[in-house]
Amino acid sequence: MAEPFRLNIENRSISGLIHLPSNHKPPCVITCHGLFSSKESDKFISIADYFTQRGIAVLRFDFGGCGESSGSFAETTVSGRLRDLAEVVAFARQHPLLASRLGLLGSSLGGFLSLLYAAQDPSIRALSVWATPLSLHELRYNIPAEQVAALKEDFFIDAQTYNLAPILSTIKNIQIIHGGKDAIVPGLHAEEIFKHVTGPKELEIIPQGDHSLADVNGRQRALALSCRWFQNHL
């Protein structure tokens with residue numbers, strides 16, 4: 001069962017869906033999509049299907065300016081997306097059909113945001129981050145020029161104010177999944193994040209995986225690994 005919701009945040013609204021399994025008061029994993037993605041990515045639809053079949057609720061939503069949420073994509077910033085995520089977490093925490101056990105699953109920039117958020121909210125019990133950068137310093141040079149052109153300079157200025165390195169030691173119960181053929185975020189980022197976070201922790205490199213983990217076998221492996229992680233830690 002998928003339950004739609006809409007949250008009013010400042011001058012925009014956030015659109016999302018909660019996928020509920022058949023079990024009573026399930027734990028919930030909140031998904032965070034990447035910079036140019038949305039909740040309708042086949043990756044997040046697959047996560048929702050796979051997890052709910054195994055007793056874990058999934059909340060997927062569009063950050064402001066993406067998908068069905070209002071706002072302008074050109075105005076997006078890391079700070080704005082962090083505010084969106086905080087409101088979504090607060091909504092999930094108060095939802096009557098969900099347990100208080102919450103996890104975050106983020107991909108790419110969504111993983112970066114998940115790490116930033118978890119460092120400030122100790123109630124997040126577990127994380128799984130896919131294809132996640134340690135820093136955004138090289139982002140401008142690693143994505144296509146037409147995508148860079150869709151962003152205002154404010155995005156890059158704001159992004160430079162966020163640094164994961166000093167806060168990673170405060171994060172625990174984290175799984176890191178990365179594609180061995182990721183051309184956007186090199187595997188070194190995953191290794192550095194893993195080195196500095198606190199256990200329990202797990203690093204899984206999927207040899208054939210690209211940045212989107214689009215390969216069918218690689219995607220299935222990521223789904224199985226991530227679901228198992230949340231089953232063990234939520």
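Readers should treat all values here as calculations from the given coordinates under stated rules, not as data from a laboratory. All figures in this text were calculated on a predicted structure; none of them were measured in a lab. Positions of Cβ are backbone-derived with ideal geometry, glycine not excepted, and every protein chain shown enters the neighbour counts.
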Check Ala126: other-chain or 5+ apart residues with amide H under 5 Å from its amide H, H built from backbone geometry? Leu104
Of Thr161, Thr77, Thr198, the most mobile residue in a GNM of the chain (C-alpha springs, cutoff 10 Å) is Thr161
With each pseudo-label sitting 7 Å past Cα toward Cβ, what's the Val216-Gln147 distance in nm, one decimal? 2.5
If I histogram all Cα-Cα distances within the chain using bins 5 Å wide from 0, what percent of pairs lands in each bin? 1, 7, 16, 20, 21, 18, 12, 4, 1, 0
Under a 5 Å amide H to amide H cut-off, with H placed in plane at 1.01 Å, what residues pair with Ala131 once short-range neighbours are removed? Ser108, Ile177, His178, Gly179
Could you give each residue of region 43-48 its phi-based ³J(HN,Hα) in whole Hz, using Karplus coefficients 6.51, -1.76, 1.60 with θ = phi - 60°, and x for Gly or Pro? 4, 6, 5, 5, 4, 4
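If you build the convex hull over the alpha carbons only and average its shadow over all orientations, what do you get for region 117-234? Give it in nm² to one decimal.
On the way: hull surface 30.9 nm².
Over all viewing directions, region 117-234 projects a mean Cα-hull area of 7.7 nm².
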Label Thr198 and Ser22 with points 7 Å out from Cα along Cα→Cβ: what is the distance between them in nm? 3.9
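Using the scaling law 2.2 N^0.38 Å as the reference, what is the normalised Cα Rg of region 110-154? Mind dumping the intermediate values first?
Details: Rg = 13.5 Å, N = 45, 2.2 N^0.38 = 9.3 Å.
Scaled against compact globular proteins, the figure is 1.44.
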How large is ³J(HN,Hα) for each residue in region 2-14, as worked out from phi by the Karplus curve 6.51 cos²θ - 1.76 cosθ + 1.60 (θ = phi - 60°), to whole Hz, x for Gly and Pro? 10, 10, x, 8, 9, 10, 8, 10, 6, 9, 8, 10, 10
Per DSSP H run of at least 4 residues, take -39500 (n - 2.57); add these up for the chain, divide by its residues and hand me the 222 nm value, nearest 500 deg cm²/dmol. -10500 deg cm²/dmol
Once amide hydrogens are built 1.01 Å from N within the peptide plane, the residues lying 5 or more places from His19 or on another chain with amide H under 5 Å from its amide H are Glu3, Val58, Leu59, Arg60
Quick calc: nm separation of the 7 Å Cα→Cβ label points for Ile45 and Ile167 -> 3.3
Diffing region 94-105: the Karplus 3J(HN,Hα) column from phi (6.51, -1.76, 1.60, θ = phi - 60°), in whole Hz with x for Gly and Pro, holds 9, 6, x, 9, 10, 6, 7, 7, 10, x, 10, 10
Using the alpha-carbon centroid of each, what span in Å lies between region 12-85 and region 139-184? 18
Straight-line reach from Lys39: which aspartates and glutamates have Cα under 12 Å away, leaving out those fewer than 8 places along the same chain? Asp62, Glu68
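Which value, in debye to the nearest 20, gives the size of the charge dipole of region 2-233 about its Cα centre, when Lys and Arg are +1 and Asp and Glu are -1 at the Cβ? Can you show the working numbers first?
On the way: 21 positive and 23 negative charges, 173 e Å.
Dipole about the Cα centre, nearest 20: 820 debye.
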